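This report concerns only the one structure given below.
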Amino acid sequence: MSDRQIVLKIADLTLRFGSFTALDAVNLTVSAGERVALLGHNGAGKSTLFKTVLGFLKPDGGTLTVAGARPGSDHARGAVSYLPEQVAFPKALTGTEIITHFARLKGVAPSRSIGLLETVGIADAADRAIGTYSKGMRQRLGLAQALIGKPALLLLDEPTSGLDPLSRGEFYAIIDRVAAEGTAVLLSSHSLTEVESRTDRVAILARGQLKADGALADLARAARLPIRIRVEAEPGRADAVRDRIGGDRINGRSVLLNCLAEEKIGLLARVAALGKDVTDVDITLPGLDDVYRHYSGIDLATHAMGDAS
Amino acid sequence: MSGAIRIATVATTEFRLAVRNRWVLLATLTLTGFALALAFLGSGPSGELKVDPLTLTAASLSTLSVYLVPLIALLVSYDSLAGELERGTLSLVLATPIRRTELLIAKFLGHLAVLALAIVVGYGIAALAVIERHGLGAHAAGLVVWFRLMATCLLLGAVFVGLGMAVSASCRQTGTAAALSVGLWLLLVVLYDLALLGAIIVDRGGLFTKTIFPFLVLANPGDAFRLFNLAQMDAGTPIAGLDGLAHSLPLPIGAALAVLVAWLGAALSAAVALARKITP
Ligand SMILES: Nc1ncnc2c1ncn2[C@@H]1O[C@H](COP(=O)(O)OP(=O)(O)OP(=O)(O)O)[C@@H](O)[C@H]1O
Ligand SMILES: [Mg+2]
């Protein structure tokens, strides 16, 4: 990956709204052909990061280059394509008209871009007013618009919100193809589960700080998240079981233990040695949500209070 | 070159949207309706006055235009930036290579085209109706008056399209932009003249009336438009109120035209400056 050309380079980017720090010394690079998912809770700063990359917001610190140029410069604008999280195209225009409009603004021949409606699967509705489109169709039109002119960098802010699972699959298939042709893709999402195996790298943003950046499998391993083992004991034997293997007794019959991956076999051997006192063992491996929670440093209790910082 | 393509693209889309959203139809019908009504009422029984019927209608139409044209111009333009900001399309557009100045010029041209169509069709039909009824006769000069009226109407409209876009660039919500536009219309078109009339009555022909007053009238775009048109009509055209100034202006009448052009320049500059500050 390192021999690939870096398209987006963000170094120590800090951005404030008044006294509130929305982005705090963020470092991130995206290379040509790479698919990077930007994850974060509501208000983490994902959209703010996109707007800074587009040159709409001026950084208070750090440096940022898009295809080697300053964000918002002619060269950078020519290289980047954007799909905002909320966009409502004029209802009275048709899909074809929107694509033609944006192709001309980007200096691309409309005839070379109309086929994108086919790519995203709304060619049938191309000449219908957008007012008659479903939510998913409008989202697809937004994607088609973003694909005009083979951009060097594709910025997609929550592109799959509002898409059904099948459409999400199609969406990521298109992203795969575009990335294979050399486009650097940075997309934001709320869920690790969704981007698993669909992106090369995930970056986790929490309260404006970049908490993790790497391949998902590496992040999961490095997190050293505990495996949960639940041991069911014979009636009346739960206390005895706990005394032998440790952990917490949670109701009359069960004992709950946490252990690291390398401790798992040893612990299971000790459980097996308990013989008849144990009736069942249940093992839960850490899930992607746990990995996400670990890196964003947010447990469910505080997250429920929202981003009212 | 690519800048020209971008401007043409946005202007065309803007005009197309105005057609689809029925703005073009509404503006044209309104102007046609009022102009025709004046053509039949205002050109009255001919022969009594020495003025030709076309000039006579143009006089009353210029007074009506001061109210209607700015209103239509503001209605067409108040949504242009605030609306796109609200719908999220502005960030899409500004992510493309288009410059904000280009975007503004393009939208301005698109809105102006709507207005131009409405004025040419509406006032054109009215002129034909007058000629049909009274004939052109020896008064071909009326045609010049009429063309001058249409051209300056467009200039007046351009001023208010520019003002509407400045208002739109200063608001993040279309609701606010709409309210501000109505306020601006009331202030410049209605309240300004009322205030001046009030001041004259209080002053009773004193220093104010003789010195500052003509300049204050001329400084208002609507009044400048009306004075410019009325001052160049035959002396026999009946005029009243503030328009009495038309024949006693302390400045050459070209000043009125200069005032309109200055307003247009100021409105567009303000719109560009405000649009530069928008964070989409
Ligand atoms: N113009 C602004 N003025 C003040 N604060 C802002 C502004 N824009 C964003 N913020 C704040 O910056 C923080 C980050 O916002 P941002 O929109 O980037 O979050 P996000 O990660 O995109 O969230 P979501 O997942 O909900 O879209 C939030 O706390 C938000 O309130
Ligand atoms: Mg967001």
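The values are calculated or read from the model by the stated rules, or taken from the named source; none is laboratory data. Note that the coordinates shown come from a computational prediction; the quantities given were computed from them, not determined experimentally. Note that each Cβ is placed from the backbone with ideal geometry, even for glycine, and that neighbours are counted across all protein chains shown. Areas reflect the complete protein model, heavy atoms only, side chains present, ligands, DNA and RNA absent. Shrake-Rupley method; radii C 1.70, N 1.55, O 1.52, S 1.80 Å.
Computed quantities for the displayed model
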quantity	calculated
Looking only at the stretch A:35-57, and only at residues there that are within 12 Å of ligand 1 (Cβ to nearest atom) and of a type in the set (D, E, K, R), the one that is farthest from the other protein chains (Cβ to nearest Cβ)	A:46
Failed criterion for residue A:88 (all others in (1) within 16 Å of ligand 1 (Cβ to nearest atom); (2) under 15 Å from residue B:92 (Cα atoms); (3) facing chain B (nearest Cβ under 10 Å) hold)	(1)
Of the criteria (1) open to solvent by 30 Å² or more (accessible area, probe 1.4 Å); (2) within 14 Å of chain A (Cβ to nearest Cβ), which one residue B:131 fails	(2)
Failed item in (1) within 16 Å of ligand 1 (Cβ to nearest atom); (2) modelled with pLDDT under 90; (3) buried (at least 19 other Cβ atoms within 10 Å of the Cβ); (4) not charged (D, E, K, R), with residue A:159 passing the rest	(2)
Any hit, the stretch A:126-140, residues being within 14 Å of another protein chain (Cβ to nearest Cβ), within 24 Å of residue A:34 (Cα to Cα), touching a residue at least 24 places away in the same chain (Cβ under 8 Å) and in contact with a Pro (Cβ under 9 Å, 6 or more places away or on another chain)	yes
Residue list for the stretch A:51-105, filter: among the hydroxyl-bearing types (Ser, Thr, Tyr) and either over 17 Å from residue A:157 (Cβ atoms) or more than 22 Å from the chain's Cα centre (by Cα) (or both)	A:63, A:65, A:73, A:94, A:96, A:100
Condition check for residue A:57: more than 20 Å from residue A:204 (Cα to Cα) and surrounded by 14 or more Cβ atoms within 10 Å (Cβ to Cβ)	yes
Test: residue in the stretch B:182-199 that is within 14 Å of residue B:76 (Cα to Cα) and either open to solvent by 70 Å² or more (accessible area, probe 1.4 Å) or aromatic (Phe, Trp, Tyr) (or both)	yes
Residue A:196 vs. criteria under 20 Å from residue A:296 (Cβ atoms) and more than 16 Å from ligand 1 (Cβ to nearest atom)	yes
One residue from A:74, A:12, A:24 being more than 16 Å from ligand 2 (Cβ to nearest atom), within 14 Å of another protein chain (Cβ to nearest Cβ) and of a type in the set (Asp, Glu)	A:74
Residue within the stretch A:63-78 that is within 14 Å of ligand 1 (Cβ to nearest atom), touching a Pro at 6+ places or on another chain (Cβ under 8 Å) and open to solvent by 30 Å² or more (accessible area, probe 1.4 Å) present	no
Search result, residues across the stretch B:1-17 that are among the aliphatic types (A, V, I, L, M), part of a helix (DSSP H, G or I), open to solvent by 50 Å² or more (accessible area, probe 1.4 Å) and more than 7 Å from chain A (Cβ to nearest Cβ)	B:4, B:8
Criterion: open to solvent by less than 10 Å² (accessible area, probe 1.4 Å), within 19 Å of the chain's Cα centre (by Cα) and small (Gly, Ala, Ser) - qualifying residue of A:32, A:22	A:22
Hits in the stretch B:140-175 - residues which are more than 19 Å from residue B:225 (Cβ to Cβ) and surrounded by fewer than 19 Cβ atoms within 10 Å (Cβ to Cβ)	B:140, B:141, B:143, B:172, B:173, B:175
Considering residues of the stretch A:206-218 that are out of contact with any helix residue (DSSP H, G or I) (no Cβ under 6 Å at 6 or more places or on another chain) and open to solvent by less than 40 Å² (accessible area, probe 1.4 Å) only, the residue nearest to ligand 2 (Cβ to nearest atom)	A:208
Where residue A:201 falls short, out of the listed (1) within 16 Å of ligand 1 (Cβ to nearest atom); (2) crowded, with 19+ Cβ neighbours inside 10 Å; (3) of a type in the set (D, E, K, R)	(1)
Filter pass, residue A:81 being open to solvent by 10 Å² or more (accessible area, probe 1.4 Å) and not hydrophobic (A, V, I, L, M, F, W, C)	no
Residue B:34 being modelled with pLDDT under 90, surrounded by fewer than 24 Cβ atoms within 10 Å (Cβ to Cβ) and away from every other protein chain (no Cβ under 14 Å)	no
Hits in the stretch A:153-195 - residues which are within 14 Å of chain B (Cβ to nearest Cβ) and either part of a loop (DSSP other than H, G, I, E, B) or within 16 Å of ligand 2 (Cβ to nearest atom) (or both)	A:155, A:156, A:157, A:158, A:159, A:161, A:162, A:186
Flag if residue A:55 is away from ligand 2 (no atom under 16 Å from the Cβ), over 23 Å from residue A:195 (Cα atoms) and touching an Asp or Glu at 6+ places or on another chain (Cβ under 7 Å)	no
The stretch A:265-280, residues that are among the aliphatic types (A, V, I, L, M), loosely packed, with under 13 Cβ neighbours inside 10 Å and not in a helix (DSSP H, G or I)	A:273
Of all residues in the stretch B:73-108 being in a helix (DSSP H, G or I) and basic (Lys, Arg), the one that is farthest from the other protein chains (Cβ to nearest Cβ)	B:107
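Yes/no matrix, rows are residues, columns are (1) among the aliphatic types (A, V, I, L, M); (2) over 23 Å from residue A:159 (Cα atoms); (3) at pLDDT 90 or above:
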residue	(1), (2), (3)
A:220	yes, yes, no
A:240	yes, yes, no
A:243	no, yes, no
A:247	no, yes, no
A:296	no, no, no
A:306	no, no, no
